[in-house]
Amino acid sequence: MMFEVTNMAFALPEMFMLAMACVILLVVAFLGKSSAGPAYVLSQLTLAITMVLIYYAMGKTAGLTFDGTYIKDAFSDILKLAICALNILVLIYSSSYLKDRGLFKGEYYVLAIFSTLGMMIMVSAYHFITLYLGLELMSLCLYAMVAMHRDSVTATEAAMKYFILGAIASGMLLYGMSIIYGATGSLALATIAETIQAGGVDNTVLSFGLVFLIIGIGFKLGAVPFHMWLPDVYHGAPTAVTLFIATAPKIAAFAMAIRLLVDGLGSVHQDWQGMIIMLSILSMIIGNIVAIAQTNLKRMLAYSTISHIGFILLGILSGSAEGYAASMFYALVYSLMSLGGFGMIILMSRQGFEADTIDDFKGLSSRNPWYALMMLILMFSMAGIPPLVGFYAKLTVIKSVIDVNLISVSLVAVVMSVIGAYYYLRIIKVMYFDKAIQHEKLQAPVDMRVIFSVNALTVFALGIFPGSLLALCTSVFS
Amino acid sequence: MIIDFPLLSLLIWLPIIGGVAVLVNGDNNPWARPLSLLVSLLTLVLSLGLYIGFDNTTYEMQFVEQAPWIATFDINYFLGIDGFSMPLIILTAFATVIVVVAGWQVIQMRPSQYMAAFLIMEGLMIAVFSSLDAILFYVFFEAMLIPLFLVIGIWGGPNRVYATIKFFLYTLFGSVFLLLALLYLHHVAGSFSILDYHDVALSMEEQFWLFLAFLIAFAVKVPMWPVHTWLPDAHVEAPTGGSVILAAITLKIGGYGLIRFALPITPDASLALDWLVIGLSLTAVVYIGFVALVQKDMKKLIAYSSIAHMGFVTLGLFIVFRIFANSSTGSGAVLAVEGAMVQMISHGFIATAMFLCVGVLYDRMHTREISAYGGVANTMPIFAGFAVFFAMANAGLPGTSGFVGEFMVILAAFQANFWFAFFAAITLILGAAYSLWMVKRVIFGEVSNDNVAQLEDINRREFWMLASLAIIILAIGLWPAPLTEVMHASVEHLLTQVSQSKI
């Protein structure tokens, strides 16, 4: 390797975040029950300062550090910024929801910050073990967050499912990594890539390892047929936690997929393409069709997540730089839309009432025209109707698939997007065409209302001017 | 000519921004209606600028505007019009004014949202007609569905939810194939400009699939038999304004799409598959004509008659291949395409008028059943006069615009094949039958019940609305030259494109 001295600066944001996580942990330990408020403020500060740190290091020297186990490049910078920004928003969304349900505790924020740290490590990992450490740091925190609502049977059940299936997935991933280690003799992604490129690696062993690796990735992303945990966890977890799980961790999982499949095993693209095609097509089909049958909005959005994952995989499977950029664009856009979608449920909820069934949205446009309009924007965007940003996300991934002549895959994608449009339309139908059955006022605090409006309007604005974000994603892979 | 002035952008964004302004104003604001009228009138006046500044002698795109939009993919904000799009833009601007006036008193529920939806839709539709970048076209093409979806769903009849979701999914299903085709063409042509698509060489197999994609997308919009079933539902449930826009403009986008995409980009596949389109068109003309005959609901009857009339448009566009095969001059081909265009414009006005007439009756009686009426002429004489006139125009009476387009297409069809002309001409009988029979049952005869006896004749607003339409229909019928002149150069250019193989 060309790096003599360990360049600590490359990991400065993570180090800062780790230090702050420990500080928050201490604060929580000392203040006890009254620690939630300070922990919340400190967490937001931590995330904000980390963003500043990442932002200032952006565009400066990129490269490997810590003996080639850690990388700082444009890809990691952008995704880390997105992760921190999303989590800031998630925490704003969730504070009043947590207060109403007795979950507003310091521990929640400790877990959130540690899990964010895990995501950042995943994004920057360039070594199997680093990657695994990041993944576990993130996942273990998430399991605990789901289980925080101790008295809720569904939440506990969801946490158990999440933990067990997540552990199996981690096991699969580790097994795949160990086989690839056996084939290439290295755990570092850069060395693995070089070794495979140089030739002489037993392809059977490699493919065998690859299968398990993809199973692991599929689990974490929630791609069919490894999606079973996703609806139950999304549905069972407190909505604030669902919001957390549904946004930033998806970006981290996407980064993991890119690191493993593209950076590490990019030269055996032919071997994994077929598997990803299967995952992608199945996710789009099952996700979209099963979502139609849901009456619970959280569950419906969970299945819609699965279908979106299918679309994200489209870009990866194309195997072109343009495709990877398209996937990245899709992942960022998706997390923004999903933030708004689950955010809306939180916005509508109040003490002792979860607005998580579709019927709760009946007649919203006469009760609350503004928020109905915002939700309309989000739903049409998820359905991929222009001029909203979800359309460009679909456009770019489908374009990348067509450019590598996988026309039949693109056909499945567009037909499924029509089927998918149905259940998003149903939400709009309920909001706009049905009569209201309840007339309670919205109780959400001002900061959440503002954030939600900004969120939805961003989706709209990005739809009119998608150019800069698209250019940013493209620049990463060129 | 005023080339540098971004007139097209103004026409697109003025109604959209105006619509947003109306929306923001809120439903209780008394200014919602006048502001909407002002915006739509201003747009109409500005759109006439296109006609005045238009250069008849060239097929080249005019009023061109180009600016980078999504630089990464080389997607441009690329606008321009030719003889095909210009009349349709003016039709759009006109129809929107009519819709605003028609909804003036009738729409009491959320009036500003209603007006805003139509104004925004107007901007989007004008943008569809003037986009020369494929992605830009597609964005507007799809975005147009959102306001129409809401209009039918919110202000529609009892079965509106079913109708609007069916409408949305049907058209979305058609258009996603268009998206695939456009992306594939970009893959081949290396650009998203529609004009570059026109010049790209394609193998027969590629053309075949692309043509099918175009056909699915635009056949749903036109709508052609057998993908027409969304239209009667949507029309019946939609409020009057929604029906007007559906019939007058969105159907035209189907025909326009065939002219802009299918014919010039895939001429060889169009030639090879012209039997399919001609067959479907004649089915629409004859079979749907019979279906219209037995309708009990007035709006449904007009909806089916729309399908039959649009059959003429697709027929006119696709018999050109047969005409080329039969004669060397191709003068009949010009007649066919111009006939199709005139038919589109004329149907835009006539269908608008017919739906408004139904709307006038519906506002008073709250039923569209033909059997609920009878003898309306006794209580609403002025209205009856208009209704009979429009029904005559719908049946293709000489002197009205309905005659011109149909006659041109039938005349051209004789040069293609006698039987095409024969079946197409059946519409003259069928059109007269269903239009006049409806008039007979609704307008004439004895006053059938008390409700009809208490009807009041049309007020000033309704009078001017219908009168302006009557004048235009008569004007085009008596002197269609101003309309055909502007499109002549574009039609000839289209025919040269169509007659050159791209393989």
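The values are calculated or read from the model by the stated rules, or taken from the named source; none is laboratory data. These numbers come from a predicted model, not from an experiment. Methodologically, a virtual Cβ is constructed for each residue, glycine included, from the backbone with ideal geometry; neighbour enumeration extends over all protein chains shown. SASA here: full protein model, heavy atoms, side chains in, ligands and nucleic acids out. Shrake-Rupley method; radii C 1.70, N 1.55, O 1.52, S 1.80 Å.
For the range B:425-441, the set of residues classified as open to solvent by less than 90 Å² (accessible area, probe 1.4 Å) and modelled with pLDDT of 85 or more consists of B:ALA425, B:ILE426, B:LEU430, B:GLY431, B:ALA432, B:ALA433, B:TYR434, B:SER435, B:LEU436, B:MET438, B:VAL439, B:ARG441, listed by residue number. When you go through (1) open to solvent by 10 Å² or more (accessible area, probe 1.4 Å); (2) assigned to a loop (DSSP other than H, G, I, E, B) one by one for B:LEU202, which number turns out not to apply? The failed condition is (1). Among the residues of the range B:59-107, what is the count of those that are without any contact (Cβ under 8 Å) to a residue 24 or more places away in the chain and under 19 Å from B:ASP363 (Cα atoms)? Total satisfying the criteria: 0. Taking (1) in contact (Cβ under 8 Å) with a residue 24 or more places away in the chain; (2) under 22 Å from B:ASP82 (Cα atoms) in turn, B:ASP199 satisfies each apart from (1). Put simply, of A:ASP434, A:ASP447 the only residue that is within 10 Å of chain B (Cβ to nearest Cβ) and of a type in the set (D, E, K, R) is A:ASP434. Selection over the range B:411-424 of residues that are under 19 Å from B:SER346 (Cα atoms) and surrounded by fewer than 23 Cβ atoms within 10 Å (Cβ to Cβ) gives a count of 1.
If only one of B:VAL106, B:VAL139, B:VAL99 is among the β-branched types (Val, Ile, Thr), away from chain A (no Cβ under 11 Å) and crowded, with 24+ Cβ neighbours inside 10 Å, which one is it? Steps first, answer last, please.
Values: B:VAL106 fails: crowded, with 24+ Cβ neighbours inside 10 Å; B:VAL139 fails: away from chain A (no Cβ under 11 Å).
Result of the check over B:VAL106, B:VAL139, B:VAL99: B:VAL99.
Looking across the range B:374-402, just one residue is part of a loop (DSSP other than H, G, I, E, B), over 19 Å from B:LEU430 (Cβ atoms) and open to solvent by 10 Å² or more (accessible area, probe 1.4 Å), and that is B:GLY399.
Anything in the range B:149-175 that is open to solvent by less than 10 Å² (accessible area, probe 1.4 Å), in contact with a Ser or Thr (Cβ under 7 Å, 6 or more places away or on another chain) and more than 8 Å from chain A (Cβ to nearest Cβ)? List them, or say none. Answer for the range B:149-175, where residues must be open to solvent by less than 10 Å² (accessible area, probe 1.4 Å), in contact with a Ser or Thr (Cβ under 7 Å, 6 or more places away or on another chain) and more than 8 Å from chain A (Cβ to nearest Cβ): just B:ILE152.
Would the range B:109-116 turn up any residue that is crowded, with 24+ Cβ neighbours inside 10 Å and away from every other protein chain (no Cβ under 14 Å)? Yes; the residues of the range B:109-116 include at least one that is crowded, with 24+ Cβ neighbours inside 10 Å and away from every other protein chain (no Cβ under 14 Å). When the range B:26-44 is filtered for residues that are among the charged types (D, E, K, R) and part of a loop (DSSP other than H, G, I, E, B), only B:ASP27 remains.
What residue, of A:ILE129, A:ILE217, A:ILE121, is part of a helix (DSSP H, G or I), touching a Gly at 6+ places or on another chain (Cβ under 7 Å) and closer than 25 Å to A:LEU79 by Cα? Steps first, answer last, please.
Details: A:ILE129 fails: touching a Gly at 6+ places or on another chain (Cβ under 7 Å); A:ILE217 fails: touching a Gly at 6+ places or on another chain (Cβ under 7 Å).
Among A:ILE129, A:ILE217, A:ILE121, only A:ILE121 is part of a helix (DSSP H, G or I), touching a Gly at 6+ places or on another chain (Cβ under 7 Å) and closer than 25 Å to A:LEU79 by Cα.
Checked against the criterion of being touching a Phe, Trp or Tyr at 6+ places or on another chain (Cβ under 9 Å), open to solvent by less than 10 Å² (accessible area, probe 1.4 Å), at pLDDT 90 or above and assigned to a helix (DSSP H, G or I), the candidates A:LEU47, A:LEU79 yield just one match: A:LEU79. When the helices (runs of 4 or more DSSP H) confined to the range B:288-340 are screened for residues that are polar (S, T, N, Q), those reaching at least 2 such residues are found at B:298-318. In this entry, A:THR458 is excluded by the filter for residues that are under 25 Å from B:ALA71 (Cβ atoms), modelled with pLDDT of 90 or more, out of contact with any Ser or Thr (no Cβ under 7 Å at 6 or more places or on another chain) and within 10 Å of chain B (Cβ to nearest Cβ).
Listed here are the residues, each with its yes/no results for (1) closer than 18 Å to A:GLY319 by Cβ; (2) surrounded by fewer than 24 Cβ atoms within 10 Å (Cβ to Cβ); (3) charged (D, E, K, R).
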{"position": "A:SER186", "(1), (2), (3)": "no, yes, no"}
{"position": "A:GLU194", "(1), (2), (3)": "no, yes, yes"}
{"position": "A:GLY200", "(1), (2), (3)": "no, yes, no"}
{"position": "A:LEU213", "(1), (2), (3)": "yes, no, no"}
{"position": "A:PHE244", "(1), (2), (3)": "no, no, no"}
{"position": "A:LYS250", "(1), (2), (3)": "no, no, yes"}
{"position": "A:PHE254", "(1), (2), (3)": "yes, no, no"}
{"position": "A:GLN294", "(1), (2), (3)": "no, yes, no"}
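State whether one or more residues within the range A:53-74 are assigned to a helix (DSSP H, G or I), within 20 Å of the chain's Cα centre (by Cα) and not aromatic (Phe, Trp, Tyr). Yes, the range A:53-74 has at least one match. Does the range B:316-330 include one or more residues that are under 21 Å from the mean Cα position of the chain (by Cα) and surrounded by fewer than 24 Cβ atoms within 10 Å (Cβ to Cβ)? Checking the range B:316-330: not a single residue is under 21 Å from the mean Cα position of the chain (by Cα) and surrounded by fewer than 24 Cβ atoms within 10 Å (Cβ to Cβ). For first residues located in the range B:23-44 and closer than 19 Å to B:LEU150 by Cβ and surrounded by 13 or more Cβ atoms within 10 Å (Cβ to Cβ), partners that are at pLDDT 80 or above and polar (S, T, N, Q) and lie 6+ apart or on another chain with Cβ distances below 7 Å form the pairs B:LEU23/B:SER112; B:LEU23/B:GLN113; B:ASN25/B:SER112; B:GLY26/B:SER112; B:ASP27/B:SER112; B:ASP27/B:GLN113; B:ALA32/B:SER112; B:SER40/B:THR96.
Inside the range A:154-202, residues that are over 29 Å from A:ILE245 (Cα atoms) and small (Gly, Ala, Ser) make up a count of 9.
Applying the set (1) surrounded by fewer than 22 Cβ atoms within 10 Å (Cβ to Cβ); (2) in contact with a Ser or Thr (Cβ under 7 Å, 6 or more places away or on another chain); (3) within 19 Å of A:PHE477 (Cα to Cα) to A:VAL123 leaves exactly one unmet item: (1). Can you pull out the residues in the range B:66-85 that are surrounded by 19 or more Cβ atoms within 10 Å (Cβ to Cβ) and charged (D, E, K, R)? Within the range B:66-85, just B:ASP82 meets the criteria.
Which is within 7 Å of chain B (Cβ to nearest Cβ), aliphatic (A, V, I, L, M) and touching a His at 6+ places or on another chain (Cβ under 8 Å), of A:ILE398, A:ILE402? I'd like the intermediate steps shown before the answer.
Numbers: A:ILE398 fails: touching a His at 6+ places or on another chain (Cβ under 8 Å).
The match here is A:ILE402.
Among the residues of the range B:204-211, at least one is under 24 Å from the mean Cα position of the chain (by Cα) and more than 14 Å from every other protein chain (Cβ to nearest Cβ). Within the range B:344-353, the presence of at least one residue that is buried (at least 24 other Cβ atoms within 10 Å of the Cβ), at pLDDT 90 or above and farther than 30 Å from B:HIS493 by Cβ is confirmed. The set of residues from the range B:233-272 being open to solvent by 10 Å² or more (accessible area, probe 1.4 Å) and in contact with a Gly (Cβ under 9 Å, 6 or more places away or on another chain) comprises B:VAL236, B:GLU237, B:PRO239, B:THR240.
Applying the criterion of being open to solvent by 70 Å² or more (accessible area, probe 1.4 Å) and hydrophobic (A, V, I, L, M, F, W, C) to the residues of the range B:475-501, the residue that is farthest from B:ILE259 (Cα to Cα) is B:LEU478.
On the basis of being out of contact with any helix residue (DSSP H, G or I) (no Cβ under 9 Å at 6 or more places or on another chain) and either among the aliphatic types (A, V, I, L, M) or under 22 Å from A:ASP447 (Cα atoms) (or both), does A:ASP67 make the cut? Don't jump to the end; show me each part of the working.
Working: out of contact with any helix residue (DSSP H, G or I) (no Cβ under 9 Å at 6 or more places or on another chain): yes; either among the aliphatic types (A, V, I, L, M) or under 22 Å from A:ASP447 (Cα atoms) (or both): no.
The answer is no for A:ASP67.
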